[in-house]
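These notes are about the structure you will find just below.
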Amino acid sequence: MKRVRVLHTNMHKGGWGGQPNRILIVARGLRERGHHVVIAAPKGATLIKRAQEEGIPVFDDLTLPKKFRPFTYIGEVFKFRRLIREHKINVVHTHGSQDTWTAAVAAWLVRPRPLVVRTRHNIFPVKNHPLNRFLYRKLIEGVVVVSDAVTEVFRQTGVLGDRVGEVVTLHSVVDAEERFNPAKVEASGLRNDLGIPSQAPVVVKVARLAREKGHVYFLDAAKDILMEVPDAYFLALGEGPLRRFLVSYAEELGIANRVKFLGLRRDVSRVLKLSRVFLFTPVAGESLGTAALEALAMEVPVVAFNVGGIGASVRHGETGFLVEPEDVEGLVRYTVEILKNEELRSRIGHTGRQWMLKAFSENSLVEGNLKFYQDLLGRKKSKINA
C-alpha cells in the first residue's frame, strides 16, 4: 500500500470536542500505520498541544479568523502552500470552514496538486451559491461526513451537484478499549474532590457552553429532576461563551448548590464513571454526538434530544432514550426512571457499551479514512493517465 502524507487542518482555537478529538484519533492511527501526518491549527489551540504531547508534527503559525480579512487570508494561503511543499503532502484533509477555504486554495496553487478532502462534522446546511459550488465541485475531491444525516443535507442543498457519490460516511469514535473502558477507569476520591456525597446520584452533560448545546434545557430538567430525586447532583463539563449566563441561570432556578460547572477536564472518563445518566440536549448542529458515544462506552445510559444523527448512536429503549428537541418533560421522565431503576440502568448501560464496541471502533475510523484517501488518489491517477 502506498504511504500517504496527510495534512489535517482545523480552525478551532480553544476547548476540546468531537472534532479535534476525531482529528487526533485519525492522525495517531495513520502515524501508527507508517504514514506521515501533520496537524495545522491556530496558535494556542488545544489540538496543537495534545498533538505535540503525542509527538505528531504540528504547524500553528495561523489565526484563521472567522471574519474574512484579505491580507491575513492571502498570507495564510501562502503559509499553507509552503507547508504542503515542505512536507510533500499528497492529501490535505480539512475540517472547518475557514481552514477549508484557506488550505484548499493553497493546495490548488501547488504542483503536483495534492488531494483535498473535507470532513463535515455538523448538519448546518451548506449554502448553494457560486463560491460554495466552486469549492465543493472544483477544489475538493472528496467529502467525509460523520453520519448519514449530514449526507442528506448535501442532497437537499444540491451544492455537490452530481458528486454525491464521492461522499463517505465515517462515524466518529472514542477510545473504548482504554480511555473509556469502565473496567480500566478508576474514579476513587473524585466524589470527595468534587464535594459530592458518596451515595448521591450524578447526572452529567459534556459540551461546549454555547447556545446550540442546549444547557438551558439541561438546567431546566435538573430543577424538575430534583423534585423527584432530591439528592441528585448535576455536572456540566466544558467551557464556552455562556458560562457566566448559565451559572447565573442555575442560581435563578435555585439549584446552584446542586449544579457544578467543572470546565474543560482531561478526566472525562472518571467523571462518567461516577455518573448514572448522561443528558444530551443540543438544539442545532449535531451530526452524531461524540460526547454521547463516550457515555455509552462507559456504560452510562443517555437521554437525548432527537436531533441530527444522534439516532445512529442512541437507540431508543436500548442504549438510552430519545425525546423531541426542547422536551424538558421527556428528559425528566426518562432520567428519573433510570435513576430509580437500578436494573434498567444496568441493562441499558451494558447494551450501550456493546453497541459502541460493535459500531464505533477507532480502527474502523482510521481504516475508513485511509481507504477513502487511497480510492480518491487512485481515481485521480487514472484520470491523469487516461
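The numbers here are math on the coordinates, done by the rules we state, and not lab data. Fair warning: this is a prediction, and the values are worked out from it, not measured in the lab. No Cβ is skipped: glycine too gets one built from the backbone with ideal geometry, and neighbour counts run over all protein chains shown.
Give me a comma-separated list of calculated 3J(HN,Hα) values for region 141-154, in order, Karplus coefficients 6.51, -1.76, 1.60 applied at θ = phi - 60°, integers in Hz, x for any Gly or Pro.
Calculated HN-Hα couplings, in order: 8, x, 10, 9, 10, 8, 7, 5, 4, 6, 4, 4, 4, 4 Hz.
What is the fewest-to-most order of Asp375, Asp60, Asp99 by other Cβ atoms lying within 10 Å of their Cβ?
Numbers: Asp375 13, Asp60 18, Asp99 24.
With the fewest neighbours first, Asp375, Asp60, Asp99 line up as Asp375, Asp60, Asp99.
Name the residue, out of Leu293, Leu30, Leu272, whose mean-square fluctuation peaks in a Gaussian network model built on the chain with Cα pairs under 10 Å.
Leu30
In region 139-222, what trypsin sites (Lys or Arg not before Pro) fall in a loop by DSSP, with at most 13 other Cβ atoms inside 10 Å?
Lys184
To make sure I understand, if each residue's beta carbon is the centre and we count other beta carbons within 10 Å, what order do Arg3, Arg33, Arg270 fall in, fewest to most?
If I rank by nearby Cβ atoms, fewest first, I get Arg3, Arg33, Arg270.
Going toward the positive end of the dipole of the chain, with +1 on Lys and Arg Cβ and -1 on Asp and Glu Cβ, which of Val143, Ala297, Met227 do you reach last?
Val143
Exactly which GluC sites (Glu not before Pro) in region 129-238 are in a DSSP loop and have at most 16 other Cβ atoms within 10 Å?
Working: sites: Glu141, Glu152, Glu166, Glu177, Glu178, Glu186, Glu212, Glu228; in loops: Glu141, Glu177, Glu178, Glu186.
Those that pass, being in a loop and sparsely packed, are Glu177, Glu178, Glu186.
Taking 20 °C and 1.002 mPa s as the conditions, I'd like the Stokes-Einstein D for region 190-359 in µm²/s, using the Kirkwood hydrodynamic radius from alpha carbon pairs. Don't skip to the answer; put the middle values down first.
Numbers: Rh = 15.6 Å.
Value of D from the Cα-based Kirkwood radius: 138 µm²/s.
Once the dipole of region 52-181 is set up with Lys and Arg at +1 and Asp and Glu at -1 on Cβ about the Cα centre, which of Ile56, Tyr73, His95 lies farthest towards its positive end?
Going by the charge dipole, the pick is Tyr73.
Please build a GNM for the chain, connecting alpha carbons under 10 Å apart, and tell me which residue among Asn122, Asn132, Asn90 fluctuates the most.
Asn132
With the dipole of the chain worked out from charges on the C-beta (+1 for Lys and Arg, -1 for Asp and Glu) around the Cα centre, which of Ile84, Tyr373, Gly240 lies farthest toward the positive end?
The listed residue farthest towards the positive side: Ile84.
Can you tell which of Pro42, Pro182, Pro197 shows the greatest fluctuation in a Gaussian network model of the chain with Cα springs below 10 Å?
So, out of Pro42, Pro182, Pro197, the one fluctuating most is Pro197.
Among Thr157, Thr119, Thr46, rank each residue by its count of other Cβ atoms within 10 Å, from fewest to most, as a rough exposure measure. Working shown, then result.
Values: Thr157 15, Thr119 25, Thr46 18.
Final ranking by Cβ density, sparse to dense: Thr157, Thr46, Thr119.
With +1 assigned to the C-beta of every Lys and Arg and -1 to the C-beta of every Asp and Glu, and no other charges, what is the dipole magnitude of the chain about the Cα centre in debye, to the nearest 20? Can you show the working numbers first?
Working: 58 positive and 41 negative charges, 468 e Å.
Its charge dipole is roughly 2240 debye.
When only Cα pairs under 8 Å and 6 or more residues apart are kept, what is the percent relative contact order across the chain? Please list the in-between numbers first.
Numbers: 724 pairs, mean separation 56.6, N = 386.
RCO, the chain: 15 percent.
Relative contact order (percent) for region 1-72, with alpha-carbon contacts under 8 angstrom and 6 or more residues of separation? Intermediate values should be presented prior to the final figure.
Numbers: 102 pairs, mean separation 23.3, N = 72.
Taking the mean separation of contacting Cα pairs over the length of region 1-72, I get 32 percent.
Determine the dipole magnitude for region 282-386: charges of +1 sit on the beta-carbon of Lys and Arg, -1 on that of Asp and Glu, nothing else is charged, the reference point is the Cα centre, and the result goes in debye to the nearest 20.
Values: 12 positive and 14 negative charges, 163 e Å.
That gives a dipole near 780 debye.
Could you tell me which GluC sites (Glu not before Pro) in region 15-78 are loop residues by DSSP with no more than 16 other beta carbons within 10 angstrom of their beta carbon?
Values: sites: Glu32, Glu53, Glu54, Glu76; in loops: Glu54.
Of the GluC sites (Glu not before Pro), the ones in loops of region 15-78 whose Cβ has at most 16 other Cβ atoms within 10 Å are Glu54.
So, in region 22-97, how many Lys pairs have Cα atoms under 23 Å apart, if the pair is 8 or more places apart or on different chains?
Going through region 22-97 pair by pair, I get 9.
Could you bin all the Cα-Cα distances of the chain into 20 Å bins starting at 0 and give me the percent of pairs in each, rounded to whole numbers?
The calculated distribution, bin by bin, is 28, 55, 17, 0.
Which value in deg cm²/dmol, rounded to the nearest 500, describes the helix-derived mean residue ellipticity at 222 nm for the chain, given -39,500 (n - 2.57) per DSSP H run of n ≥ 4 and division by the residue count?
On the way: 14 runs with 166 residues, N = 386.
That calculation yields -13500 deg cm²/dmol at 222 nm.
For an R0 of 30 angstrom, estimate the FRET efficiency from the Cβ-Cβ distance between Ser346 and Glu326 and round to the nearest 0.05.
Values: r = 30 Å, r/R0 = 0.98.
Between Ser346 and Glu326 the formula returns 0.50.
To the nearest 20 Debye, how big is the dipole of region 1-88 about its Cα centre, given +1 on the beta carbon of each Lys and Arg and -1 on that of each Asp and Glu? If you can, show how the numbers build up before the last one.
On the way: 19 positive and 7 negative charges, 59 e Å.
For this selection, approximately 280 debye.
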